[in-house]
Amino acid sequence: MVKKTDFLVVGSGIAGLYYALKVADYGKVTVLTKAPLLENTTKYAQGGIAAVVRSPDSIEKHVADTLQCGKGLCDEKIVRMVISEGPGRINDLIDIGIRFDRDVSGNYDLGREGGHSENRVLHYKDSTGQEIIRALTQALQDHPNIEIFEKQFVVEIITQHHFGQKVTKDTTGIECFGAYVLDPVSGQVNTFLSKITLMATGGAGMAYQITTNPAIATGDGIAMVYRAKGVVENMEFVQFHPTSLYNPLEAASFLITEALRGFGAVLKNSKEQEFMEKYDKRGSLAPRDIAARAIDNEMKLSGEDHVYLDCRHINIVSLKRSFPGIYRKCRSIGIDITKEMIPVVPAAHYMCGGIKTDEYGRSTIKRLYAAGECASTGMHGTNRMASNSLLEAAVFANRAAKYSAKTFENYNYSEEVPLWDAEGTVLNEEMVLITQSLKEVQGIMSNYVGIVRSNLRLERALKRLNLLYQETEELYIKSILTPKLCELRNIINVAYLIIKMAMNRKESRGLHYSLDYPEKK
Ligand code: FAD
Ligand code: SIN
């Protein structure tokens, strides 16, 4: 099958859905998602979305906090732009139908999270992401120009090298003509031709054993753009969230929002002693890189698998009212958070790097944009500040939409694009080849490329990964494609990028901490 569309959107999280809505007034939009429409990382967002809503907060304070977290690698112009456009995007999201909690006087109830010097996090209880996805999908489904294809797996973006053109050193002329898309039911790879494509495929937490991310977070967009010779950057900055619920029985780690610490919860060890003051004067609300490393260190010192978050001193009524999801989740595994401390452990949470974009969300490949977690815009630097991710996604989806709407009519569909060639491939009957390799990559990344790294650990990781890379490429070339095989290949590509970029950074900065280059005191 060959399909033609003006705007091809890969991903149905906040970035993809918001962009789709914005361009739908100008042309035909096709949204592809490998999962059911409602499954994405966005829907798990708890804390909320950061924006300057009222004094004493100000754009300058939000900018200063963001720059401080990013430790010298944020692009200040981009930070200022995103934060200045934040209030406008919030109003727009409210107009689309997203609800945010208000206090008794009717003002927005603003939460506080690590690194923020003011309360500025708009939220809907502790399930902000679900509320965002509810309203966006409803608006999308009502729009006549938008077609949605669920459970369709984008395998590659289409560029000149699919017409047999050799890739030269000069990659500036590379253009995106659409995408090859696997329909897992028929096993066919279909061709979607587009005038403009937006990559909005989210993060890559699945590269690690313990992650807050859902199973979709396999870094597909980043890997596809890297293979197509687009620029990918800052991949060494993998953010570990300090507090995911310690529960070895579950694959994805349930997040215990930082907003709970903003509400007064305190990190403690098993002797019920607070320990964060030893590491940072902001205590339990220190930025994530510092808090995660402190917890990692405490766990190493005690030999225990987790630390604790204590909220027993918080007023029970307001605790339950503000964090009903966390209360219910902990209750379901036998923990009453009003009476017991919550066991928590750091977990891979957010990819700060990704597909390099400019201020309009344009990647280095022509006609290809990127927004949301798969993009590297210059906003987060070495460490994203809490709740700045949904904000960045909304601002860039909007900017990318405006620019694409202005330019899409300059492009035609390419007549040269060949159909996907699956000749000679056979069905791989042995799932174990994929599942075992995935476990091995996750083990390598967690043991050698986690919160604390060293030259030796990174070298060892790269050696081990090389073997998995070769085996997986061989399997990929001869197999009829399946989403699981493609995801494994993408995770291996992403793991490679994280390791290589970590090796190139000869310092400790933000989320990248190396024992060989300790931070200056
Ligand atoms: P996603 O929401 O992840 O959507 C990606 C989409 O791409 C999905 O629809 C997926 O199916 C699709 N896709 C991926 N690969 C393919 C493929 N090959 N083919 C087709 N489709 C594909 N940030 C905040 O700012 N505030 C918070 O409170 C907050 N809380 C969080 C809580 C949790 C538990 C987690 C994990 C993250 C949280 N974050 C938060 C981060 C934030 O939620 C994400 O960065 C953001 O939602 C990412 O949105 P996105 O649109 O880029 O991608
Ligand atoms: C949280 O609620 O702690 C997560 C917020 C974020 O990742 O921005």
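Of everything in the stretch 388-410 that's of a type in the set (Gly, Ala, Ser) and open to solvent by 10 Å² or more (accessible area, probe 1.4 Å), which residue is farthest from ligand 2 (Cβ to nearest atom)? Out of the qualifying residues, it is 405. Taken together, the residues in the stretch 14-53 that are in a helix (DSSP H, G or I), closer than 17 Å to residue 396 by Cα and within 16 Å of ligand 2 (Cβ to nearest atom) amount to 3. Filtered by the rule that a residue be within 11 Å of ligand 2 (Cβ to nearest atom) and in contact with a Ser or Thr (Cβ under 7 Å, 6 or more places away or on another chain), the stretch 243-257 gives 244, 255, 256. Given the options 116, 162, name the one that is farther than 25 Å from residue 17 by Cα, assigned to a helix (DSSP H, G or I) and either touching a residue at least 60 places away in the same chain (Cβ under 8 Å) or basic (Lys, Arg) (or both). The match here is 162.
In the stretch 431-446, the condition of being surrounded by 12 or more Cβ atoms within 10 Å (Cβ to Cβ) and of a type in the set (Lys, Arg) is met by no residue.
Residues that are touching an Asp or Glu at 6+ places or on another chain (Cβ under 8 Å), over 22 Å from residue 70 (Cα atoms) and exposed (fewer than 15 other Cβ atoms within 10 Å of the Cβ) occur at least once in the stretch 323-331. Considering every residue within the stretch 398-410, establish whether at least one is part of a strand (DSSP E or B) and under 27 Å from the mean Cα position of the chain (by Cα). Within the stretch 398-410, not a single residue is part of a strand (DSSP E or B) and under 27 Å from the mean Cα position of the chain (by Cα).
What about residue 370, is it buried (at least 24 other Cβ atoms within 10 Å of the Cβ), more than 16 Å from ligand 2 (Cβ to nearest atom), in contact (Cβ under 8 Å) with a residue 12 or more places away in the chain and of a type outside the set (D, E, K, R)? So residue 370 passes the test. Filtered by the rule that a residue be open to solvent by 40 Å² or more (accessible area, probe 1.4 Å) and either at positive phi or modelled with pLDDT of 95 or more (or both), the stretch 166-185 gives 175, 184, 185. For residue 147, indicate whether it is surrounded by fewer than 15 Cβ atoms within 10 Å (Cβ to Cβ) and either away from ligand 2 (no atom under 16 Å from the Cβ) or at pLDDT 95 or above (or both). Considered against the rule, which asks whether it is surrounded by fewer than 15 Cβ atoms within 10 Å (Cβ to Cβ) and either away from ligand 2 (no atom under 16 Å from the Cβ) or at pLDDT 95 or above (or both), residue 147 comes out as yes. With respect to the conditions (1) in contact with a Pro (Cβ under 7 Å, 6 or more places away or on another chain); (2) farther than 30 Å from residue 418 by Cα; (3) open to solvent by less than 50 Å² (accessible area, probe 1.4 Å), residue 153 lacks only one, and its number is (2).
Remark: pairs (first residue in the stretch 496-521, closer than 22 Å to residue 232 by Cα; second residue among the β-branched types (Val, Ile, Thr) and in a strand (DSSP E or B); Cβ separation under 9 Å; 6+ apart in sequence or on different chains) = 497/232; 498/238; 501/232; 502/238; 511/238; 512/238. Just so you know, in the stretch 409-427 the residues that are among the hydrophobic types (A, V, I, L, M, F, W, C) and in contact with a Ser or Thr (Cβ under 9 Å, 6 or more places away or on another chain) include one that is nearest to ligand 1 (Cβ to nearest atom), and it is 420.
Restricted to helices (runs of 4 or more DSSP H) entirely inside the stretch 416-521, those with at least 2 residues that are under 30 Å from residue 295 (Cβ atoms) and within 21 Å of the chain's Cα centre (by Cα) are 431-448, 483-504. Among the residues making up the stretch 386-396, those that are near ligand 1 (Cβ under 9 Å from one of its atoms) and either hydrophobic (A, V, I, L, M, F, W, C) or on the phi < 0 side of the Ramachandran plot (or both) are 386, 388, 389, 390, 391, 392, 393.
Condition test on residue 347, is it open to solvent by less than 30 Å² (accessible area, probe 1.4 Å), at pLDDT 95 or above and more than 30 Å from residue 8 (Cα to Cα)? Taking the combined requirement at face value, the residue satisfies it.
Within the stretch 268-320, being in contact (Cβ under 8 Å) with a residue 60 or more places away in the chain and more than 20 Å from residue 248 (Cβ to Cβ) holds for 268, 272, 282, 285, 286, 287, 288, 289, 291, 293. Among the residues of the stretch 364-381, is there at least one that is in contact with a helix residue (DSSP H, G or I) (Cβ under 6 Å, 6 or more places away or on another chain) and farther than 30 Å from residue 116 by Cβ? Taking every residue of the stretch 364-381 in turn, none turns out to be in contact with a helix residue (DSSP H, G or I) (Cβ under 6 Å, 6 or more places away or on another chain) and farther than 30 Å from residue 116 by Cβ.
Pairs meeting the criteria (first residue in the stretch 42-70 and under 27 Å from residue 133 (Cα atoms) and touching a residue at least 12 places away in the same chain (Cβ under 8 Å), second residue acidic (Asp, Glu) and open to solvent by less than 50 Å² (accessible area, probe 1.4 Å), beta carbons under 8 Å, at least 6 apart or on different chains) are 46/126; 47/113; 47/126; 47/258; 50/113; 62/118. The single condition from (1) open to solvent by less than 70 Å² (accessible area, probe 1.4 Å); (2) under 30 Å from residue 187 (Cβ atoms) that residue 470 fails is (1).
Here is the figure for the stretch 354-366: residues that are within 16 Å of ligand 2 (Cβ to nearest atom) and surrounded by fewer than 24 Cβ atoms within 10 Å (Cβ to Cβ) total 0.
For the stretch 284-334, a residue qualifies if it is of a type in the set (A, V, I, L, M, F, W, C), under 27 Å from residue 508 (Cα atoms) and either within 25 Å of the chain's Cα centre (by Cα) or not in a helix (DSSP H, G or I) (or both), and the qualifying residues are 285, 286, 290, 291, 292, 294, 295, 307.
The values are calculated or read from the model by the stated rules, or taken from the named source; none is laboratory data. Please read these numbers as outputs of a predicted model, since none were measured by experiment. Positions of Cβ are backbone-derived with ideal geometry, glycine not excepted, and every protein chain shown enters the neighbour counts. The protein model used for the area step is the full one, side chains on, heavy atoms only, and it has no ligands, DNA or RNA in it. Shrake-Rupley method; radii C 1.70, N 1.55, O 1.52, S 1.80 Å.
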